[in-house]
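The values are calculated or read from the model by the stated rules, or taken from the named source; none is laboratory data. Remember, predicted model here, so these are calculated numbers, not experimental data. We place every Cβ from the backbone using ideal geometry, glycine too, and count neighbours over all the protein chains shown. Protein only, heavy atoms only, side chains kept; ligands, DNA and RNA dropped before computing areas. Shrake-Rupley method; radii C 1.70, N 1.55, O 1.52, S 1.80 Å.
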Amino acid sequence: MITTQKVRDKILVTQPVLPELEKVNCVLEKIWGSKWVTNMGQYHNILGERLERVLKVKHVSLFNNGTIALLTAIKALNLPQGSEVITTPFTFAATPHCICWNNLKPVFCDIEPDTMCIDADKIENLITPNTSAIVGVHVYGFPCNVRKIDTIAKKYGLKVIYDAAHAFSTEIDGVGIGNFGDITMFSFHATKLFNTIEGGCLTYNDDSLVRKIYNLRNFGIQSEELVEDIGINGKMNEIQAAIGLLNLDIFKDEQQKRAELKLFYDNYISEIKGIRIPRMPLNVTNSYQYYPIVIEDDYPLTRNELYEKFKSMNILTRKYFYPACTDYECYKNDLTVKLADLSVVNDLKNRVLCLPFYGSLSKNDAAFICGVLNFEI
Ligand SMILES: Cc1ncc(COP(=O)(O)O)c(C=O)c1O
């Protein structure tokens, strides 16, 4: 056979971490045999217990996805109707949407240039008598300034919720990231390092939240004849939980492969003028969820031009988070958004690019990506 020019396969930006199909088939047989496919089954309960240990937290409540989990976290804290919740616009749509779905008003705060998380030094200026909570996002797994946010929350009597969708297994000084604030949400979506295809959880230390969150996740049904609250259906089913248990056995291996890939990228990219690699603080363990780079003015291309260049070469990258939430039709016309100082967000949303990042990305492909960045290809 005559081979013509070799066509490079598309390089995806991410790939789901999936357990071996034979192992999935094996647990599916067991679930089918038990006929218990959802509603707090045995896989669900075992996964919750194992996650308490992996995440080093007191309580884990599992959910069918991270968005319903976050919605429930905000609901569980009984914030006054219509009150203001300070949050970041440099996040996925679900974060501010969950605030609005709870009939609360998101007030957007600027972010820090280094971590790209909510800027704790700018929070106090936004606090009014109507402020009831802060929702921080540990974006790309970089932790928010949890200690400063805690001090502010105590001073003003605010609740704190963290969106840790990107920060599975991250620790600050050996403390699981799910221990900070009142409640933390993790997403187990297929794109996440640890996934249950769709899924998520809440973590918290307050024992009194166990029953509240159980009820809110299960239509308010506490027992056969007792409906205690106006709950939603947020339950994780047995198939999701079983996939989660299998993935718990392999996520560390994936993390290790990503750590090696990060080292490879770091070594290469740190030599390229005009590209900044955000650095994880030394006391924080990296979750290895994303590999973001920041395109500075002295790089020959803008972020958008670089994105297009990659695309033309069949390499998919992500302008994560462009647009910022404050650019969405549903938020941009709010007076507080129009008046807000969001200078760092509005700069970084045009500079950040997430590169392909997953354990099965070959060294060859990673080198090709670096070559494109460095104008060698
Ligand atoms: C920062 C952030 N928050 C919330 C979510 C929503 O989680 P889920 O997709 O599990 O509903 C995601 C993404 O998936 C996210 O990236």
Is one or more of the residues making up region 153-172 aromatic (Phe, Trp, Tyr) and touching a Phe, Trp or Tyr at 6+ places or on another chain (Cβ under 7 Å)?
yes
Given the conditions (1) of a type in the set (A, V, I, L, M); (2) at positive phi; (3) over 21 Å from the mean Cα position of the chain (by Cα), report the number of the one that residue 127 does not fulfil.
(2)
Starting from region 62-89, take each residue that is without any contact (Cβ under 8 Å) to a residue 40 or more places away in the chain and list its partners that are part of a loop (DSSP other than H, G, I, E, B) and more than 11 Å from the ligand (Cβ to nearest atom), counting only C-beta distances under 7 angstrom and pairs at least six apart or across chains.
81/103
Within region 136-179, residues being over 28 Å from residue 293 (Cβ atoms) and within 12 Å of the ligand (Cβ to nearest atom) number 1
Given the conditions (1) within 15 Å of the ligand (Cβ to nearest atom); (2) farther than 16 Å from residue 153 by Cα; (3) not aromatic (Phe, Trp, Tyr), which single one is not true for residue 85?
(2)
Considering only region 90-117, how many residues are out of contact with any Pro (no Cβ under 6 Å at 6 or more places or on another chain) and within 12 Å of the ligand (Cβ to nearest atom)?
10
Output the residues belonging to region 302-339 that are in contact with a helix residue (DSSP H, G or I) (Cβ under 8 Å, 6 or more places away or on another chain), of a type in the set (Val, Ile, Thr) and over 18 Å from residue 116 (Cβ atoms).
315, 337
Can we say residue 133 is out of contact with any Gly (no Cβ under 6 Å at 6 or more places or on another chain), within 23 Å of residue 203 (Cα to Cα) and more than 13 Å from the ligand (Cβ to nearest atom)?
yes
For region 230-281, name all the residues that are basic (Lys, Arg), open to solvent by less than 60 Å² (accessible area, probe 1.4 Å) and farther than 25 Å from residue 350 by Cβ.
235, 258
Scan of region 203-229 for residues that are open to solvent by 70 Å² or more (accessible area, probe 1.4 Å), in contact (Cβ under 8 Å) with a residue 12 or more places away in the chain and either touching a Phe, Trp or Tyr at 6+ places or on another chain (Cβ under 9 Å) or more than 21 Å from residue 65 (Cα to Cα) (or both), ordered by number:
206, 207, 228
How about region 192-202: which of its residues are surrounded by fewer than 18 Cβ atoms within 10 Å (Cβ to Cβ) and within 7 Å of the ligand (Cβ to nearest atom)?
none
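Can residue 358 be described as aromatic (Phe, Trp, Tyr), within 23 Å of the chain's Cα centre (by Cα), open to solvent by 40 Å² or more (accessible area, probe 1.4 Å) and modelled with pLDDT of 95 or more?
For residue 358, the condition - aromatic (Phe, Trp, Tyr), within 23 Å of the chain's Cα centre (by Cα), open to solvent by 40 Å² or more (accessible area, probe 1.4 Å) and modelled with pLDDT of 95 or more - is not met.
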Within region 331-356, the count of residues that are in contact (Cβ under 8 Å) with a residue 60 or more places away in the chain and either among the polar types (S, T, N, Q) or over 25 Å from residue 305 (Cβ atoms) (or both) comes to 6
Tell me, please, whether a residue that is in a loop (DSSP other than H, G, I, E, B), under 23 Å from the mean Cα position of the chain (by Cα) and either under 21 Å from residue 177 (Cα atoms) or not small (Gly, Ala, Ser) (or both) can be found in region 43-51.
no
Which of the residues that make up region 211-225 are within 20 Å of residue 133 (Cα to Cα) and either touching a strand residue (DSSP E or B) at 6+ places or on another chain (Cβ under 7 Å) or within 14 Å of the ligand (Cβ to nearest atom) (or both)?
213
Report, by residue number, each residue of region 52-72 that is of a type in the set (Gly, Ala, Ser), closer than 15 Å to residue 231 by Cβ and within 11 Å of the ligand (Cβ to nearest atom).
69
Would you check if there is a residue in region 144-154 being in contact (Cβ under 8 Å) with a residue 60 or more places away in the chain and crowded, with 24+ Cβ neighbours inside 10 Å?
no
Check on residue 186, touching a Lys or Arg at 6+ places or on another chain (Cβ under 7 Å), within 16 Å of the ligand (Cβ to nearest atom) and closer than 30 Å to residue 256 by Cβ
no
